[in-house]
Every structure is written in structure tokens, then in C-alpha cells.
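Each remark here refers to the structure printed beneath this line.
The values are calculated or read from the model by the stated rules, or taken from the named source; none is laboratory data. From a predicted model like this one, the values you see are computed outputs, not experimental measurements. Glycine also receives a Cβ, built like all others from the backbone with ideal geometry; neighbour counts cover every protein chain displayed. Note: accessible area is taken over every heavy atom of the protein model, side chains too, but ligands, DNA and RNA are not part of it. Shrake-Rupley method; radii C 1.70, N 1.55, O 1.52, S 1.80 Å.
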Amino acid sequence: MRSLSAARGGASIAVVAVALAAPCATAADRTPAGEYTVEASEGGRELRVEAAFAQAPPGGLEFDDRMGRYARDAEVRQGGRWTAAKIDGDTLAAPSCAREPCRVRYRFSLEQAARNEHSRNSVSEQQGAFLAPPSTWLVRPGRRGPGRFRLRVSTPPGVSFATGLFPAAGDAYEAELADLPEAPYSVLGAFETTRVEAPGAVVELALLPGEVAAGRAGVLAWVQAAAGDVAGYYGRFPVPRLLVIVIPGGRRAVGFGTTMGNGGASIMIWVGAGAREEELRRDWVLTHEMVHLGLPNLPRAQRWMEEGLATYVEPVARARHGHLGIEEVWSDLVRRTPQGVPGSGGLDANEGYGAIYWGGALYWLLADVEIRERSSGRRTLEDALQGVRDAGGSIAVTWPVERVLATADRAVGMKVLEDLYARMARSAGAVDLPALWTRLGIDDARGIRFRDDAPLAAIRKAITAPPGGPQRGGRLSGGSATPPP
């Protein structure tokens with residue numbers, strides 16, 4: 001999970017946005033290790049779940065932490081008939097499942113879980129719409145193993161279902177069974193849908209109860225602009241399908257945002273009732289969250305790479321489309337990256353805000369500058385990230401950091417990200433920031449001013465150049481922008 005509190009810098013409506021993709025043609029040809037069939041009750045308040053496992057589930061069957069208490073009437077299929085099974089805490093006790101393929105069924109109360117838990121990480125309710133990832137209401141093997149799961153959800157009239165899981169053939173969704181504990185968000189309830197176009201994707205919006213002053217048109221424009229900015233940076237939208245849940249609430253125009261992948265892609269983001277169109281146009285949080293979609297999930301020690309990429313790319317992507325001033329892009333980097341200079345143990349060992357957000361942003365900035373400088377402007381950080389994307393990397397999958405770095409470096413034809421990671425991630429790295437800003441032609445003595453005669457001024461200009469502009473820069477002079485070994 002990648003999350004961010006919006007601490008920087010009406011119509012009755014909440015929004016679910018889904019970027020649609022074609023179903024996977026091969027998904028139906030594979031027999032899943034687990035198959036779930038779910039029926040929602042009136043209003044989506046209760047779910048009837050049936051789960052079938054092709055092999056004995058390793059580690060037995062378990063619910064998410066604290067979720068077993070909201071399941072009842074559990075049964076296991078034995079000898080051609082259903083017999084009662086016990087739910088003990090978060091364990092569904094079915095002894096026969098330890099020896100052979102098994103089928104179980106139970107009821108799960110979303111309404112009771114939302115009322116008691118009211119957690120954005122597990123389950124909550126927004127005026128009759130229930131927000132919860134599938135891991136909240138699906139029992140699963142106690143130990144992760146190989147194989148995929150398939151999910152089908154049916155709803156009564158007036159109730160809809162949307163999920164960040166990628167679609168399979170027909171009306172099913174499919175992902176790796178090992179991804180189920182961190183699978184993307186889902187929503188059940190009554191909501192109206194509409195669509196907007198985005199580069200490389202179709203975005204479907206579902207309107208739920210709640211107040212947003214900007215109204216339907218303002219929210220549509222906001223989602224479309226953020227998707228366009230991010231697609232412009234990555235070359236196309238970084239995932240084929242996205243679920244975005246926009247939740248009215250809070251005092252800020254745009255509040256907390258959080259992103260989940262693993263088998264799909266989803267974003268939840270809070271919008272205040274008083275949010276006006278001009279405030280949504282100035283928002284950076286949704287763009288930040290969408291940038292996360294282009295990088296695979298990494299181990300917790302590399303969270304700074306995930307958050308740092310979004311912190312660096314978001315203002316650049318917005319500036320290229322005229323949604324943020326270029327002076328503001330560089331002002332934030334100049335004034336905030338000193339918080340992130342690697343301390344003892346390097347960025348992998350530091351979990352403070354400065355290291356995670358601004359240390360990470362500094363890493364990606366230095367990588368971008370060095371790639372451009374060493375290639376005389378022919379290669380950029382975008383090329384490295386597009387290489388990761390083209391190799392199948394996105395928030396929908398989990399990669400070790402070594403694979404991300406090697407794939408990115410291979411895409412630009414030089415070893416930049418791996419070497420920079422070795423210097424900044426695992427040890428204290430001295431970074432001469434004043435020298436970097438001087439070479440880029442940035443003067444912060446009395447407000448941000450630019451010098452176009454600086455050695456790397458062409459790189460500075462290219463980083464924020466609009467689409468069709470000189471984003472790859474010209475031939476450059478000077479030494480490396482990375483920390484010394």
C-alpha cells in the first residue's frame with residue numbers, strides 16, 4: 001500500500017473512476033487455484049461467499065485480522081453434502097481441507113464490519129456504499145503459495161460492484177492468490193456511472209452520495225487532467241485498468257490519498273464538500289497517487305523509492321501541461337531535498353518523512369540529471385521508467401529492487417540507477433546540493449531565479465518542457481551530478 005496525507009502546500013457526489021482494459025484472453029484457459037463466487041444482498045450489506053480450492057490450502061483457511069468475527073454460517077462440502085464448519089477467531093476450521101481440495105461457504109456482514117471497524121485499510125461505509133478490498137471478505141490459504149484466484153460477484157438490482165482487480169474473461173476478475181492479502185480496493189453499493197477519456201485508457205466514474213461543491217463536471221475534469229499529466233510523463237497511462245474511489249469528506253479540498261496494487265490498481269482519495277473547481281485544478285495529490293502506478297511494489301526498505309518517485313515526478317508532470325509553475329517545481333526541490341540527504345545507514349535504513357519523500361525525490365532527480373548528461377540529452381528518466389513498464393512492471397506486481405534497477409538501466413543503456421542506489425541506499429551519501437543547483441542554473445538567494453548560461457541549464461529546461469518541447473535537451477558539459485563514491 002502506498003499512501004500520502006495531503007499536507008502540502010455543491011452537487012451530491014462521490015466518484016469511482018475505472019480505467020477499462022480488454023479482458024485477458026488467456027485467463028479463462030487456466031484453472032485457478034482458488035475460485036470465489038460472491039452474491040451480494042439487498043444494499044450490499046451482506047455477502048454470501050463460496051470458495052473452492054483445487055488443492056488443499058497451505059496453512060488452512062484464514063480471514064484478515066479481526067475479520068473472522070463478521071463471518072457466520074460457515075459450511076464445508078464433504079461427501080457430496082454441506083456440513084457445518086467452525087470459525088475460530090480468524091480461522092475457518094475445516095479439517096478435510098487440510099488433506100484434499102475443498103469447497104467452503106459462509107456469510108459476511110459488510111455492514112457490521114464497517115460499523116465496528118470503520119478503517120480505510122479494511123472496511124468502511126460512505127452513506128450506503130461499502131469500501132473494502134477483497135481480502136476483507138474472502139477467506140484464503142494461511143500460507144502464500146502458487147496459483148491464481150478468480151472472483152465473480154453478482155449484485156441485486158440497484159447495487160453495483162467495482163474493483164481494482166484486473167478483469168479476466170466474461171464477468172470475472174483474476175489475480176495471483178499470493179496477492180490477495182494486499183489486493184486492490186473494491187466498492188459495493190448504489191452508484192451511477194459515467195465515463196471520461198484518458199490517454200491510453202477509458203475512465204469510468206461512478207457517482208455515490210456525498211457533497212462536492214465542484215459538482216460532476218469539476219470532478220470529471222480533475223480526474224481527466226491528472227490522468228493526462230501522468231500518461232504524458234510515462235508515454236501512456238501506466239496500467240491498463242484503474243479503480244479510483246473519490247470519497248467526499250474532510251475539511252481540505254483534497255485530503256488523504258492511498259494507492260493499492262497487487263493484481264490490479266486502485267486509488268482512494270478524499271475530497272472535501274467545499275472543494276471548488278479551481279481548488280481541484282490546483283490539486284497535486286491525485287497526480288501523486290497516479291504516478292505510483294508506474295513502479296512495481298517494492299520491499300518496505302525501499303518505500304522511499306516509491307514515495308520519492310511520486311514526489312519528484314508529480315510536479316514535473318503537472319508543470320509540463322501548464323498545471324504548475326516551473327518556479328514552484330524547482331523551489332520545492334531546492335528547499336526540501338536537504339531534508340532527504342542520506343544519513344547513517346543510507347535511505348534504506350531511514351524511515352523519517354524527509355528520507356522517504358525528499359530523499360527519494362533527490363535520488364530520482366539525480367538519476368534523471370545523470371542519464372540526460374551522460375547521454376547528451378538522448379535518454380531520460382522517462383525512458384528508464386518506460387523500460388520498466390514495457391517489461392511488465394507496474395503497481396500490479398511485486399519486484400525485488402534489483403530487478404527494477406537493472407531493467408531501468410538496461411532501457412537507457414547505462415548503469416545509473418544501480419550505482420546511485422548503492423551510494424544512497426546503503427550508506428550515508430554526501431550530496432553537494434549547492435553545486436548541483438549552480439550547475440543547473442538555479443539561484444535561490446532571493447526567490448527562485450534561473451541562469452541560462454549554466455552548464456546544465458539545458459537539462460533543467462528539458463525536465464519541465466511542455467509536450468513537443470525540447471525534453472531531451474542538447475549537448476552538455478560538466479561532471480556527474482551523482483554523489484561521489
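If Arg372 satisfies every condition in (1) surrounded by 21 or more Cβ atoms within 10 Å (Cβ to Cβ); (2) in a loop (DSSP other than H, G, I, E, B); (3) among the charged types (D, E, K, R) but one, which is the exception?
All conditions pass for Arg372, except number (2).
Name the residue, out of Glu111, Glu125, Glu100, that is open to solvent by 30 Å² or more (accessible area, probe 1.4 Å) and in a helix (DSSP H, G or I).
Glu111
Taking the residues in the range 413-464 that are of a type in the set (Lys, Arg) and more than 15 Å from Glu373 (Cα to Cα) as candidates, determine which candidate is most open to solvent (accessible area, probe 1.4 Å). Walk me through it before giving the result.
Initially, the range 413-464 is screened for residues of a type in the set (Lys, Arg), giving 415, 423, 426, 439, 446, 449, 451, 460-461.
After this cut, where a residue has to be more than 15 Å from Glu373 (Cα to Cα) as well, the list is 423, 426, 446, 449, 451.
Working: Arg423: 66, Arg426: 142, Arg446: 183, Arg449: 113, Arg451: 102 Å².
Step by step, filter the range 413-464, then rank; the result is Arg446.
In the range 157-175, is there at least one residue being in contact with an Asp or Glu (Cβ under 6 Å, 6 or more places away or on another chain) and farther than 29 Å from Leu280 by Cβ?
Residues of the range 157-175 in contact with an Asp or Glu (Cβ under 6 Å, 6 or more places away or on another chain): 168.
Of the ones still in play, those that are also farther than 29 Å from Leu280 by Cβ are 168.
Yes, some residue in the range 157-175 is in contact with an Asp or Glu (Cβ under 6 Å, 6 or more places away or on another chain) and farther than 29 Å from Leu280 by Cβ.
Among the numbered criteria (1) within 25 Å of Arg241 (Cα to Cα); (2) crowded, with 20+ Cβ neighbours inside 10 Å; (3) not charged (D, E, K, R), which single criterion is violated by Pro181?
For Pro181, the failing item is (2).
Does Ala227 count as in a loop (DSSP other than H, G, I, E, B), small (Gly, Ala, Ser) and open to solvent by less than 40 Å² (accessible area, probe 1.4 Å)? Step through it out loud before you land on a result.
Working: in a loop (DSSP other than H, G, I, E, B): no; small (Gly, Ala, Ser): yes; open to solvent by less than 40 Å² (accessible area, probe 1.4 Å): yes.
No.
Within the range 358-377, work out how many residues are over 18 Å from Arg336 (Cα atoms) and acidic (Asp, Glu). Reasoning before the result, please.
Applying the first criterion (over 18 Å from Arg336 (Cα atoms)) to the range 358-377 yields 370-377.
Still in the list and also acidic (Asp, Glu): 370, 373.
Qualifying residue count for the region: 2.
Could you grab me the full set of residues in the range 128-141 that are open to solvent by less than 30 Å² (accessible area, probe 1.4 Å) and either of a type outside the set (Gly, Ala, Ser) or at pLDDT 95 or above (or both)?
Phe130, Leu131, Pro133, Pro134, Ser135, Thr136, Trp137, Leu138, Val139, Pro141
Counting just the residues of the range 188-213 that are modelled with pLDDT under 80 and acidic (Asp, Glu), which one comes out nearest to the chain's Cα centre (by Cα)?
Glu204
Return the pair list, or none, for Cβ contacts closer than 9 Å from residues in the range 216-243 that are at positive phi and acidic (Asp, Glu) to residues that are open to solvent by less than 10 Å² (accessible area, probe 1.4 Å) and not in a helix (DSSP H, G or I), at least 6 apart or on different chains.
Sorted first by the residue in the range 216-243, then by its partner, the list stays empty.
Answer yes or no as to whether Leu220 is out of contact with any Gly (no Cβ under 9 Å at 6 or more places or on another chain) and assigned to a strand (DSSP E or B).
no
Among the listed residues Thr407, Thr464, identify the single one that is over 28 Å from Gly346 (Cβ atoms), in contact with a helix residue (DSSP H, G or I) (Cβ under 6 Å, 6 or more places away or on another chain) and of a type in the set (S, T, N, Q).
Going through Thr407, Thr464 in turn, the sole match is Thr464.
Tally time: how many residues in the range 217-263 are among the basic types (Lys, Arg) and more than 18 Å from Glu197 (Cβ to Cβ)?
Selection size over the range 217-263: 2.
Based on this model, can you work out whether Val203 counts as over 30 Å from Gln112 (Cβ atoms) and not hydroxyl-bearing (Ser, Thr, Tyr)? Lay out the reasoning, then the answer.
Working: over 30 Å from Gln112 (Cβ atoms): yes; not hydroxyl-bearing (Ser, Thr, Tyr): yes.
When the stated conditions are applied, Val203 passes them.
Exactly one condition in (1) of a type in the set (A, V, I, L, M); (2) touching a Phe, Trp or Tyr at 6+ places or on another chain (Cβ under 6 Å); (3) crowded, with 24+ Cβ neighbours inside 10 Å is false for Val246; which is it?
So Val246 meets the others, but not (2).
Any residue in the range 320-332 that's closer than 16 Å to Tyr357 by Cα: show its pairings with residues that are surrounded by 15 or more Cβ atoms within 10 Å (Cβ to Cβ) and of a type in the set (Ser, Thr, Tyr) at Cβ separation under 7 Å, as long as the two are six or more apart or on different chains.
Val329/Thr464
Return the only residue of Glu307, Glu328, Glu314 being within 30 Å of Ala214 (Cα to Cα), assigned to a helix (DSSP H, G or I), over 14 Å from the mean Cα position of the chain (by Cα) and among the charged types (D, E, K, R). First the steps, then the outcome.
Values: Glu307 fails: over 14 Å from the mean Cα position of the chain (by Cα); Glu314 fails: over 14 Å from the mean Cα position of the chain (by Cα).
Result of the check over Glu307, Glu328, Glu314: Glu328.
If a residue must be open to solvent by 10 Å² or more (accessible area, probe 1.4 Å) and outside any loop (DSSP other than H, G, I, E, B), how many such residues does the range 261-301 contain?
Residues flagged as open to solvent by 10 Å² or more (accessible area, probe 1.4 Å) and outside any loop (DSSP other than H, G, I, E, B) within the range 261-301 amount to 9.
Scan Gly322, Gly377, Gly345 and give me the residue that is under 25 Å from Arg439 (Cβ atoms) and not in a helix (DSSP H, G or I). Spell out the reasoning first.
Working: Gly322 fails: under 25 Å from Arg439 (Cβ atoms); Gly345 fails: under 25 Å from Arg439 (Cβ atoms).
Unique residue meeting the criteria: Gly377.
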